[in-house]
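Student: Just dropping this structure here.
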Amino acid sequence: MTRVVVVEDHPLYRDAVVALVRGLSGCEVVGSHPDAETALAGAAEERPDVVVLDLALPGMDGITALSRFRSMDPQPAVLVLTMSEDPPVLAAALRAGARGYVVKGSEPDDIARALEGVARGQVVFGQQIAMAALAQASGRAPSGPAAAFPGLTAREADVLTLLAHGRSNADIAATLFVSPKTARNHVSSILGKLGAATRAEAVARARDAGFGAE
């Protein structure tokens, strides 16, 4: 049996992933955790073969947790299951040792195939991530103000436009029909990519580049 640990802070989604894994032949859930710290603490006893890991976690971030899991003995395979379709985030996860990367919103069958693939030692990308990586590799350049910050995803460019208009995280979440946590994650990612120390600095740089001018 493939021993699986699920690390996901959203309880409903965590329960859904646990149910999915339990429905797979040859897999058993040996641990289910809301954060990386408790998952790592339990791993010595649970001894997972595969860790299904969200990257946007409270406390220790998912990339750090991924590296910690991959330094264990025996070493589990890690399947990232997260919101981000950003190629730089994918690259960071692969550098940290991820064996698979699938975005939330993928069909359950796709998630199941990815889990089974990494359990067999394969490297597996979900369809959306594969398309994003191909687009990045093809050198498709953004146009308009977004060209000033080519590292931004299309969704992050949308968020930056709203930031430049002075919108709060709550406003951004409502406008884009995402959760407040997702909006916060987008803003944090934007600050990192722009090298901005504060939200105000990011807004100033965005306006200088033409965001929010319309």
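Student: Can you list the helices (runs of 4 or more DSSP H) lying wholly within the range 134-214 that have 1 or more residues being at pLDDT 80 or above and touching a Gly at 6+ places or on another chain (Cβ under 8 Å)? Break it down into steps so the answer makes sense when it comes.
Tutor: Working: elements: 154-164, 169-176, 180-194, 199-208.
Correct list: 154-164, 180-194, 199-208.
Student: Of all residues in the range 66-87 being of a type in the set (S, T, N, Q) and without any contact (Cβ under 8 Å) to a residue 60 or more places away in the chain, which is surrounded by the fewest Cβ atoms within 10 Å (Cβ to Cβ)?
Tutor: Just the residues of the range 66-87 that are of a type in the set (S, T, N, Q), to begin with: 67, 71, 75, 82, 84.
Narrowing the set further to residues that are without any contact (Cβ under 8 Å) to a residue 60 or more places away in the chain leaves 67, 71, 75, 82.
Working: 67: 14, 71: 9, 75: 11, 82: 22.
Out of the qualifying residues, it is 71.
Student: Is there a residue in the range 80-87 that is touching an Asp or Glu at 6+ places or on another chain (Cβ under 7 Å) and under 15 Å from residue 118 (Cβ atoms)? Show your work before the answer.
Tutor: The first filter runs over the range 80-87 and keeps only residues touching an Asp or Glu at 6+ places or on another chain (Cβ under 7 Å), leaving 81-82.
Those left that are additionally under 15 Å from residue 118 (Cβ atoms): 81-82.
Checked against the condition, which is being touching an Asp or Glu at 6+ places or on another chain (Cβ under 7 Å) and under 15 Å from residue 118 (Cβ atoms), the range 80-87 yields at least one hit.
Student: Restricting the first residue to the range 147-162 and requiring it to be outside the structural domain of residue 184 (by TED's automatic domain parsing) and closer than 11 Å to residue 209 by Cβ, which pairs with a second residue that is modelled with pLDDT under 80 and among the charged types (D, E, K, R) meet a Cβ separation below 8 Å and a spacing of at least six or different chains?
Tutor: Partner pairs satisfying both residue conditions: none exist.
Student: What's the total number of residues in the range 90-116 that are out of contact with any helix residue (DSSP H, G or I) (no Cβ under 8 Å at 6 or more places or on another chain) and outside any loop (DSSP other than H, G, I, E, B)?
Tutor: Summing the residues that are out of contact with any helix residue (DSSP H, G or I) (no Cβ under 8 Å at 6 or more places or on another chain) and outside any loop (DSSP other than H, G, I, E, B) in the range 90-116 gives 7.
Student: Examine the range 38-46 for a residue that is of a type outside the set (Ser, Thr, Tyr), in a loop (DSSP other than H, G, I, E, B) and surrounded by fewer than 20 Cβ atoms within 10 Å (Cβ to Cβ), and state whether such a residue exists.
Tutor: Step one: list which residues in the range 38-46 are of a type outside the set (Ser, Thr, Tyr), which gives 39-46.
Pick out the ones that are also in a loop (DSSP other than H, G, I, E, B) and you get none.
No - not one qualifying residue is present in the range 38-46.
The values are calculated or read from the model by the stated rules, or taken from the named source; none is laboratory data. The shown structure was predicted, so the numbers you read here are calculated from the model rather than taken from an experiment. With ideal geometry, Cβ positions are generated from the backbone for all residues, glycine too; neighbour counts draw on all protein chains shown.
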